Amino acid sequence: MYIISACLLGTNCKYSGGSNETEWVKKFAEEHSICAVCPETLAGLPTPREPCERKDGKVVSETGIDLTEEFEAGAESAYQVAMDEAEVREEKIEGAILKAKSPSCGAGKIYDGTFSHTVISGDGCFAKILNDHGIRIITDEESIDD
Ligand code: SF4
């Protein structure tokens, strides 16, 4: 089973209210066992919501609200949802396809907390949990063959 950021499959859970629908990810999902999750929705955050970025180990909204606890709780919930689903299906988690640069789902590269589209090295809260559990992640900006 693969974990996929729900917004990549067309769910309108993106902070702006839309999705990040991506054709190759949708095709992959049609051909594989997948579990779609949105950590920020699972955190109980509304959609649309303020854009947030990670900075100095915290997650802060554009107007300066510290949402670190909510983001970390949502990431943990998303991990548990995926683990529970894998257990029910009696499958192991083979990897994850996550939305690049998100403060939750971004893997390897994230925005730097200045809301200026500046990218730095780092992981979103959800990607960090998956990394800590040894789950291989690629983002929508890569290819499953990379
Ligand atoms: S938290 Fe992840 S799944 Fe949810 S909208 Fe953001 S990038 Fe997409």
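Bear in mind that the values in this text are calculations on the coordinates, not laboratory data. Keep in mind that this is a model prediction, so the values were computed, not measured. Here the Cβ positions follow ideal geometry from the backbone for every residue, glycine too, while neighbour counts run over all protein chains shown.
I want the antiparallel fraction of DSSP beta bridges within the chain, as a percent rounded to 5.
40 percent
Describe numerically, in nm with one decimal, the distance between label points set 7 Å from Cα along Cα→Cβ at E62 and at S143.
The two pseudo-label positions are separated by 3.4 nm.
Taking only DSSP H segments of four or more residues, each worth -39500 (n - 2.57), what value at 222 nm results for the chain once the sum is divided by all its residues, to the nearest 500 deg cm²/dmol?
Calculated mean residue ellipticity at 222 nm is -9000 deg cm²/dmol.
Place a +1 charge on the Cβ of each Lys and Arg in region 1-77 and a -1 charge on the Cβ of each Asp and Glu, then give the dipole magnitude about the Cα centre in debye, rounded to the nearest 20.
About 180 debye.
Determine, from the Cβ-Cβ distance of V88 and E50 and an R0 of 41 Å, the FRET efficiency 1/(1 + (r/R0)^6), rounded to the nearest 0.05.
Calculated transfer efficiency: 0.75.
Only Lys, Arg, Asp and Glu count, each charged at its Cβ (+1, +1, -1, -1), so figure out the dipole size of region 2-139 about its Cα centre, rounded to 20 debye.
The calculation lands at about 440 debye.
For S77, S104, which order do you get if you count the other beta carbons within 10 Å of each Cβ and list the fewest first?
In increasing order of surrounding Cβ atoms, one gets S77, S104.
Cut-off is 10 Å between beta-carbons; in what order do T11, T114, T22 appear when sorted fewest neighbours first?
Fewest-to-most ranking of T11, T114, T22: T114, T11, T22.
Would you list, by chain and number, the lysines whose Cα falls below 17 Å from the Cα of K99, excluding same-chain residues fewer than 8 positions away?
Once the sequence-local lysines are set aside, what remains near K99 is K14, K26, K27, K109, K128.
Tally Lys/Arg at +1 and Asp/Glu at -1 over every other residue whose Cβ is under 11 Å from the Cβ of F115; what's the total?
Net charge in that neighbourhood comes out at -3.
For S33, what residues show an amide H to amide H distance below 5 Å, using hydrogens built from the backbone and excluding near sequence neighbours?
Residues meeting the criterion, in which the H sits 1.01 Å from N, are Y2.
For a footprinting-style exposure proxy, rank D123, D56, D84 by other Cβ within 10 Å, fewest first.
Least crowded to most crowded, the residues run D56, D84, D123.
Can you tell me the convex hull volume per residue for the chain, based on C-alpha atoms, in Å³ to the nearest whole number?
Cα convex hull per residue, to the nearest whole number: 103 Å³.
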